[in-house]
1. Nearest 100 Å², what total accessible surface is buried between chain A and chain B (probe 1.4 Å)?
2. For peptide A:171-180, how many partner chain Cβ atoms fall within 10 Å of a residue's Cβ, on average?
3. How long are the semi-axes of the equivalent ellipsoid of the stretch A:41-166, defined as square roots of 5 times the Cα gyration tensor eigenvalues? Whole Å, largest first.
4. Using θ = phi - 60° and the Karplus form 6.51 cos²θ - 1.76 cosθ + 1.60, what ³J(HN,Hα) does each residue of the stretch B:117-128 get, whole Hz, x for Gly and Pro?
5. Is there a quick way to get the dipole size of chain A? I mean about its Cα centre, with the Cβ of Lys and Arg at +1 and of Asp and Glu at -1; what is the value in debye to the nearest 20?
6. Using a 1.4 Å probe and ignoring any ligands, DNA or RNA, find the accessible area of residue A:242 and quote it in Å² to the nearest 10.
7. Cα to Cα, under 23 Å, and not fewer than 8 places away if on the same chain: which lysines meet these conditions relative to residue B:117?
8. Could you report the accessible area of residue B:51 in Å², rounded to 10, computed with a 1.4 Å probe on the protein chains as they sit in the structure?
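The values are calculated or read from the model by the stated rules, or taken from the named source; none is laboratory data. Everything quoted here is computed from the prediction, not taken from an experiment. Cβ coordinates were reconstructed from backbone atoms using ideal geometry, including for glycine residues, and neighbour counts include every protein chain displayed. Accessible surface areas use protein heavy atoms only, side chains included; no ligands, DNA or RNA. Shrake-Rupley method; radii C 1.70, N 1.55, O 1.52, S 1.80 Å.
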Amino acid sequence: MPDYVAYLTASSIAAIVGAVVAATLLAARRDGGAAWRNVAYVVSIAAGLAGGYWMMSLNLAWPPENALDRLLTVVLPMALVMEGIAGIPALSKWLVGVLRLMLAMLTPRILLHDSVYLSGTGEWTSTRAWTIMLFCSVVLMAVWMMLLQFSGRRRNGEVSASIGMALLVAGPVIMMAGYIKGGAAAFPLVAALAGVAITGWVMTGKSERTVDLQSASIIGVGVIYLFGLLFVGRFFGRISTTTASTLFCAPLLCWSAGLPWLRTLKAWKAAAFCLMLVAIPLVIVLLAAWQAFERDMSPLL
Amino acid sequence: MQASSFRRMTPLLLVTLIASVGTTASAADEYDYDLVHSSVSFKARHLGISWIHGRFNEVSGKFSLDRQDPSKSTFALTIKTDSVDTANKARDEHLRQPDYFDTKQFPTIEFKSTSVKAVKDGYQVTGNFTMHGKTQKIVLALTGGKEHDFGKVKRVAFSTELAIKRSDYGFDPKAIGPIGDEALIIIDCEGVRK
């Protein structure tokens, strides 16, 4: 049964731990530059997540036994390390791109490891398995790159906020489809990302604030986790392909803030409109999930 | 006995000897699991006040019975977790998800015997029971085992019950609450050989 008090407590711990670690690291080297801030964010997110999941008693197994274990103990750490490395100024952009591409290609394969989809028992043929994994990797990479590109143009935190909104909806949707533990795992991450992003915004200089609110590390970790959660919810839980695709692609509606008539608005108004647009498909998916839950699952409770 | 008589009988003696050795070597009868006349069902507590019943509809297996030396008998059973059936489609879908059987990660439940002992009214079978990626050693008390002829087919049947704790097999402790930790598995199995 969902334990909402535990989720709220775990999320609070994740946000607080993330914020405290971020504040400590940023204060330690105030003139550390963008690279140091990037590392600080990565370490803070990791600390916040560790605190949140410990509080939640998520009972992750090592070596990983299921898809959620693989997401949280393999894919997420890989994303954190990669984003930490990506912030090194000496690293060329194409090398950073290659690292991100490698992670995008590996993520579906890691999540499906040892499952019926890859076991050759008939669920999927080998060709079908590789085609689907490749397609998912391409979609992941495309959405990730578009969001990164857009975050460079619009700097009011819309991209980070939209990823957070999608994660906040993905959690309950997966839970209402019947995978409670998987859905609950979304909350500490949203809280950790929010705690770290806000701390960075408060502690950095005015000129860097809007950049850091949606730094590449926050976006990268958020996108990878959103993809991984929805992937697990689709192939191991019972959310539909339409639901998973809608939730994953909803943050792309941030591009609407680049429309000519919106550029005439004040920055905060354009950002608010953009987030309202992102919220529309999220609310529709949430309502549909609630309807299905009321029809199918609530009689079982 | 004259030498010529002995020489005539030698081939016959040799054939008889070979046939008897052949019979001793293949003393174990092999049976295939008859899904139509067998069932694997279970029940678990709901909120501590009632029982939820279910069954698995896709089961396969083989067993071999050596009546002269029961310790050489073997039993093996494979259950497809996706075939769980509790007469409620939504609940079945819920049970297939990672909070419970996680059928896409752990598609089968398996039992393989490691030792067999004849006891009164049946066999005591020790073996490895694998569910949800975890293996535990268990002991089954099988009752039955008498062979019946029906047409050209020989049939033998066993029954057993097995109490397990889901927490011993890696089920999420938080999913153990409304549905009790302990589950009772009832196996009624009929094997056929021609």
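1. 1900
2. On the way: counts 0, 0, 0, 1, 1, 0, 3, 10, 6, 7.
Per-residue shielding by partner chains comes out at 3.
3. Whole-Å semi-axes of the equivalent ellipsoid: 27, 21, 14.
4. 9, 6, 10, 4, 6, x, 9, 9, 10, 9, x, 9
5. 940
6. 100
7. Once the sequence-local lysines are set aside, what remains near residue B:117 is B:62, B:72, B:137, B:146, B:154.
8. 110
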